[in-house]
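Worksheet: the structure to be examined is printed underneath.
The values are calculated or read from the model by the stated rules, or taken from the named source; none is laboratory data. All of these numbers come straight from a predicted model, not from anything done at the bench. Cβ placement follows ideal geometry from the backbone for every residue including glycine, while neighbour counts extend to all protein chains displayed. What goes into the accessible areas is simple: the full protein's heavy atoms, side chains included, and nothing from ligands, DNA or RNA. Shrake-Rupley method; radii C 1.70, N 1.55, O 1.52, S 1.80 Å.
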Amino acid sequence: MSDYHLHLHPHAVGGRAVTPDYSVATIERFVVAAAARGVTEVCLTEHYYRCVESAETLGPFWEAETPEASRLTSEMVRLDRTLSLDRYVEAVLAAKAAGLPVRLGLELDFFPATIERVVEHVAAYPFDFVVGAVHWIGGLTIDMAEAAPLVAARGLRPVWEAYAAIVEELGRGGHVDAVAHLDVLKKFGLRLPREPDDLYAVMVAALAEGGVALEVNSAGLRAPAREVYPSPTLLARANEAGIPITLGSDGHRPREAGLGIDAAVAAARAAGYSHHLRFDARRPRSVALPD
């Protein structure tokens, strides 16, 4: 069993930025915590936008937003962008060299306007796995409690349509190995009265066309959504389309490594899956799900 969505550092809390820790000892704590939950391989997938090297490639993507949305995102990025991509990569490679069962990954925050130069930038690093994610619609964050009222004010259906359109572009582009937490809009309760099967179809078709896997992410169980990402309906649609899966806890601290992976496995099996993917140098390998 694997956990292919882990962050070496938590996000800023209470207006205080996090001091980075790139020690192999910290990575080992993730491995030990995951092993206690039956996880035999972990992949660190730090956010690209949090790395200082991303400032030039991503640019000030929030500037075209409304003043309130722009303020929220710019402050979020200011506090979170304290990491070094170079030092992060060096730390994970050192952990691999020390014999720890880790893979070097990246969570690539997707912005259509800048994806080509971002992909060119990250291609210079020896990543094993790159998971794409949509955390912003334009410059409006959809993954932050303070922004939830701003998202809801735009209308749930239009927001879901905009989200699905961005995921469609991400999937068809084929720049990433998997897409993370596919229905993350539900995190803070932004659910439509009925599940949007038409939008699910659009997203699933895009992933299938781009040859991109789908992540089964247990972090929704720790959020107000109280549900694995994606929903059972969406996960079943993906299985019907032949889309493979990865497993991830989305943990940001060693104690969260492997947390809820058993629930992710149960959700995958309920949707009809029997295998999940692991990666080495961006090459997938299918592994049976545990009983």
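Things worth noting here:
- Per-bin percent of Cα-Cα distances, segment 1-85 [10 Å]: 16, 38, 29, 14, 3
- Estimated D of the chain in µm² per second, where Rh is the Kirkwood radius over Cα pairs and Stokes-Einstein applies at 4 °C, 1.567 mPa s: 69
- Note on the chain: with neighbouring protein chains present and a 1.4 Å probe, carbon and sulfur make up 54 percent of its accessible heavy-atom surface.
- Ile137 long-range amide H proximity, modeled H, under 5 Å: Ile142
- The alpha carbons of segment 205-281 give a radius of gyration and a Dmax of 12.4, 37 Å, in that order.
- Neighbour net charge for Cys43 - beta-carbon separation under 9 angstrom, K R +1, D E -1: -1
- Helix-derived mean residue ellipticity, 222 nm - over the chain, DSSP H n ≥ 4, -39500 (n - 2.57), to 500: -11500 deg cm²/dmol
- A Gaussian network model of the chain, with springs between Cα atoms under 10 Å, assigns the largest mean-square fluctuation among Ala148, Ala178, Ala213 to Ala148.
- A compact globular protein would have a Cα radius of gyration near 2.2 N^0.38 Å; the ratio found for segment 129-178 is 1.23.
- Centre-to-centre, using Cα atoms only, segment 193-264 and segment 59-77 are separated by 27 Å.
- Antiparallel DSSP beta bridges within the chain, as percent of all bridges there, nearest 5: 30
- Cβ-based net charge around Arg154, under 13 Å, with every Lys or Arg adding one and every Asp or Glu removing one: -2
- Directionally averaged shadow of segment 140-278, computed from the convex hull of its alpha-carbon atoms, nm²: 8.1
- Most fluctuating residue given options Arg16, Arg87, Arg253, as computed from a GNM of the chain linking Cα atoms under 10 Å: Arg16
- With eigenvalues of the C-alpha gyration tensor scaled by 5 and rooted, segment 51-154, Å: 29, 14, 12
- Percentage relative contact order, the chain, counting C-alpha pairs under 8 Å, at least six apart: 21
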